[in-house]
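The values are calculated or read from the model by the stated rules, or taken from the named source; none is laboratory data. Here the structure is a predicted model, which means the values were calculated and not measured. Quick reminder, even Gly has a Cβ in these numbers, built from the backbone with ideal geometry, and neighbours come from all protein chains shown. Surface accessibility is based on the protein's heavy atoms, side chains included, excluding ligands, DNA and RNA. Shrake-Rupley method; radii C 1.70, N 1.55, O 1.52, S 1.80 Å.
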Amino acid sequence: MKHVARAEYEDDEARERDRGAVKTWHMSRGADIDAMCGRKLAPHAETRSDDAWGSTEEPFCHTCGALYLREVP
């Protein structure tokens with residue numbers, strides 16, 4: 001299963017623009033837009049490879065990180 005890091009933005013205005021200041025990074029499964037923690041994310045939010053886990057300036061969602069680590073070898 002391919003995982004994708006997906007951005008959560010600072011505020012609703014940035015979310016509607018689908019770009020802006022990243023508040024937190026989340027992990028999602030495959031093409032799923034929702035984060036593994038259940039948070040609804042903007043459909044066109046910035047995405048990064050799962051290799052970005054742990055190496056972003058902004059924090060990563062703790063719950064998504066824990067679930068991700070359980071699913072990757």
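Things worth noting here:
- In the range 41-49 there is at least one residue that is at pLDDT below 90, more than 9 Å from the chain's Cα centre (by Cα) and open to solvent by 50 Å² or more (accessible area, probe 1.4 Å).
- In the range 42-73, the residues that are of a type in the set (D, E, K, R) and touching a strand residue (DSSP E or B) at 6+ places or on another chain (Cβ under 6 Å): E46, R48, D50, E58
- One residue stands out in the range 5-24 among those that are open to solvent by less than 80 Å² (accessible area, probe 1.4 Å) and closer than 23 Å to L69 by Cβ: the one that is modelled with the lowest pLDDT, namely V22.
- Selection from the range 25-40 of residues that are more than 12 Å from Y68 (Cα to Cα) and open to solvent by less than 20 Å² (accessible area, probe 1.4 Å): W25
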